[in-house]
Amino acid sequence: MKTKFLKYSMLVIAAMAWGVAVNAQDKGSDTYSNYGSQSKDAHGNTIERVHTFTDGKEYSFKLVNGKVANLYVDDVKIAPEQYAKYSTEINKIKEQIRLDRIQAEKDRAQAKVDRAQADKDRVQAEKDRGQAEKDRMEAVSSRGQAEKDRAQAERDRLQAEKDRAQGDKDREQAVKDRAQAELDRAQAVKDRAQAAIDRKQAEEDRKLMAQLIGDLVKDGIVPDEKSLYSLTISPNGMTVNDKQMSAEVHNRYKTKYSRFANGVFSYGDSGNIRGIHMSRSKQ
């Protein structure tokens, strides 16, 4: 089974909006899915990212207004004219996403019902305790029930001991809950800080990419920015528009753009969407 999910750190440039990923895993099967939440790009298009490993294959694609774009199968990019070959698998994945979201809505609704029932149960328990107290008072008023009252008093004492013990546990739990809340708040602060770092890094990568494209045009490797549709740089080589560059060109760009070249870097322009993809090289 492939285990390459989430090995890529994707920084999307131009008109793309970021989405929050949601994982879904079917226990006991060879299926793993990572669904991106829906977002809007600058043109009002609905964008959704999907990564899934199902039926022995890894699929990665985007849904733009519900239509498949940028399809990869087992890390191999599929040409748009070949999408029809995968329509059955893609439709199954899209249907599973729809069913997962319906189930999530049902689960949230059921949780709300359960909370309401718990509130009712607590109210009823309070009423029951009040009635029990009335019953004990009536027993005291009857002389023939004196012995029973004493027995009940002993039971009440034992229950009071249990209640005090439970109260101690509740207080300990409250302390733990407060400590956990503090940890959660601290984590939230860290998450916000990391998000700011990620946004800054994405902007720096966008500027660095623009500089790199400018160098390609200046060096005569491509005539202009629009003519560049693919670029890869790694410690071992460099390609531009699927053409292998010389060792001299590779070394020059690897030295100047070491942030990209130290791992496995690729740039693609499919027309409406441009993207940078980077991962650490395993050496």
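No lab work stands behind these numbers, since they all come straight from the coordinates. Given the structure is predicted, the values throughout are model-derived calculations rather than measurements. Backbone-built Cβ (ideal geometry, glycine too); neighbour counts: all protein chains shown.
Taking 8 Å as the Cα distance limit and 6 or more residues as the minimum spacing, I'd like the relative contact order of the stretch 202-279 as a percentage. Numbers along the way, then the final one.
Working: 92 pairs, mean separation 18.4, N = 78.
Relative contact order here is 24 percent.
What percent do you get for the relative contact order of the stretch 109-247 when only Cα pairs under 8 Å and 6+ apart count?
RCO, the stretch 109-247: 7 percent.
Please tell me which of these pairs span more than 32 angstrom C-alpha to C-alpha: K40/K85; K57/K243; K226/K256; K94/K207? Write out the running numbers ahead of the final one.
Working: K40/K85 28 Å; K57/K243 29 Å; K226/K256 22 Å; K94/K207 35 Å.
Listed pairs above 32 Å: K94/K207.
Take the Cβ-Cβ distance between R150 and D170 as r, set R0 to 25 Å, and report the resulting FRET efficiency rounded to the nearest 0.05. Walk me through the numbers before you get to the answer.
Values: r = 30 Å, r/R0 = 1.19.
With a Förster radius of 25 Å, E is 0.25.
With +1 assigned to the C-beta of every Lys and Arg and -1 to the C-beta of every Asp and Glu, and no other charges, what is the dipole magnitude of the stretch 84-202 about the Cα centre in debye, to the nearest 20?
620 debye
When the chain is fully extended, how far beyond the present Cα-Cα distance does L99 get from V249, taking 0.36 nm per residue of separation? Walk me through the numbers on the way to the answer.
Details: separation 150, 0.36 × 150 = 54.00 nm, distance 5.06 nm.
Length difference between fully extended and current span is 48.9 nm.
Restricting attention to the alpha-carbon atoms of the stretch 182-246, what are Rg (one decimal) and Dmax (integer), both in Å?
Rg then Dmax for the stretch 182-246, in Å: 18.1, 57.
Just to verify a number: FRET efficiency for A181 and Q131, C-beta to C-beta distance, R0 = 35 Å, to 0.05?
0.45
Can you give me the Cα centroid spacing of the stretch 234-268 and the stretch 84-114 in angstrom?
Each part reduced to its Cα centre gives a spacing of 41 Å.
What order do you get for 126-138, 197-209 when each peptide is scored by the mean count of other beta carbon atoms within 10 Å, highest first?
197-209, 126-138
May I ask for the net charge around L183, where only other residues with Cβ less than 12 Å from the Cβ of L183 are counted and Lys, Arg are +1 while Asp, Glu are -1?
Result for the local shell: +1.
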